[in-house]
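Read through the structure below, which is laid out as C-alpha cells, and then see the notes.
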Amino acid sequence: MAIRMKNLFMAGTMAALIVAHTACTRPDFSAQASTVDSLRIQLDSSHARFSAVDCDSLQRIHDTIVSHLEYVQANYEGAMKRDMARHMANYRSLRKLVPDASRRKAEVEKSIATTRGQLEKLSEALRGDYTHDAAGNKLTIEYVNQLLSTERAAAEALIKEMDLVTQRSVPMMDNFHELLPQVRFWVDSIPPKPDEPGFQ
C-alpha cells in the first residue's frame, strides 16, 4: 500500500511565515498549536521506529522471493503436491508485505524533512504574535484551520506509511527465514530446462 508521495508536498500556502509584528489583537490559536505539537511528536515517534527497519534487507528478501518464484514457474514440471503448493503460496504472499522497500525508504526520508519543516513554520506562526503570513493573508481561525488541515493530512499520510512498513517488516523477515530452507531445497533440486539458465 504505497502512499502517493505527491500528497506530502502540499506546501502551497505554507511558505515562510515571516511577517511584521503588530499590536493588533488576534484570535487564540492555542488549540491549533497543541494539535501541531501532537502531530510533531507522532511524526518523530513513527520516524524513530521506521529508522530502525532495515529496508535494504527487506528489498533483498523481496527480490530473492521473486527470483525463486520465477525459477520454479519456469522449470517445475508436473502437478505440485499439496504441501509444496501450500508452502510456495505462503512464500509468494510475503512479496506483498513490503514491496519496493528501498524506494519507499528514500521517499519517506525525502518527505519527512518537508513535513517537519511545514509543521515547524506553522507552530512558529501560531505561537508568535503574527497577524498575517508572508503572502499577506490574515491569520484568522478559518484560515489557520485550513492550513492545519492540509498539514495534518500530509503528516498523517506519512505516519501511516512509516507505521505500515515498521509493522510488516518483522513478519516478513521472520516468515521468510522460516520458509526459505525448504524453498531453497526445492529450487536446488529442480534442474533448469535446456533453454533456461540455472538458478544463481
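The values are calculated or read from the model by the stated rules, or taken from the named source; none is laboratory data. Remember, it's a predicted structure, so these values are computed and weren't measured experimentally. With ideal geometry, Cβ positions are generated from the backbone for all residues, glycine too; neighbour counts draw on all protein chains shown.
Values computed for the structure shown
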quantity	calculated
Residue in region 118-134 that is modelled with pLDDT of 95 or more and among the small types (Gly, Ala, Ser) present	no
Residues being exposed (fewer than 12 other Cβ atoms within 10 Å of the Cβ) and either at pLDDT 95 or above or under 14 Å from residue 84 (Cβ atoms) (or both) - total across region 189-200	1
From 13, 22, 35, residue being modelled with pLDDT of 95 or more, over 19 Å from the mean Cα position of the chain (by Cα) and farther than 30 Å from residue 92 by Cα	35
Selection count where residues are assigned to a loop (DSSP other than H, G, I, E, B) and touching a residue at least 24 places away in the same chain (Cβ under 8 Å), scope region 57-86	1
Region 166-180 - residue that is polar (S, T, N, Q) and crowded, with 18+ Cβ neighbours inside 10 Å and, of those, farthest from residue 89 (Cα to Cα)	166
Residue among 155, 125, 135 that alone is outside any helix (DSSP H, G or I) and in contact (Cβ under 8 Å) with a residue 60 or more places away in the chain	135
All positions within region 40-56 that are over 12 Å from residue 158 (Cα atoms) and either outside any helix (DSSP H, G or I) or among the charged types (D, E, K, R) (or both)	49, 52, 53, 54, 56
Test set (1) buried (at least 18 other Cβ atoms within 10 Å of the Cβ); (2) within 17 Å of the chain's Cα centre (by Cα); (3) closer than 30 Å to residue 27 by Cβ; (4) among the acidic types (Asp, Glu) - residue 156 fails condition number	(1)
Residues of region 71-95 that turn out to be exposed (fewer than 12 other Cβ atoms within 10 Å of the Cβ) and not small (Gly, Ala, Ser), as a count	6
Residue in region 96-103 that is surrounded by fewer than 14 Cβ atoms within 10 Å (Cβ to Cβ), without any contact (Cβ under 8 Å) to a residue 12 or more places away in the chain and part of a helix (DSSP H, G or I) present	yes
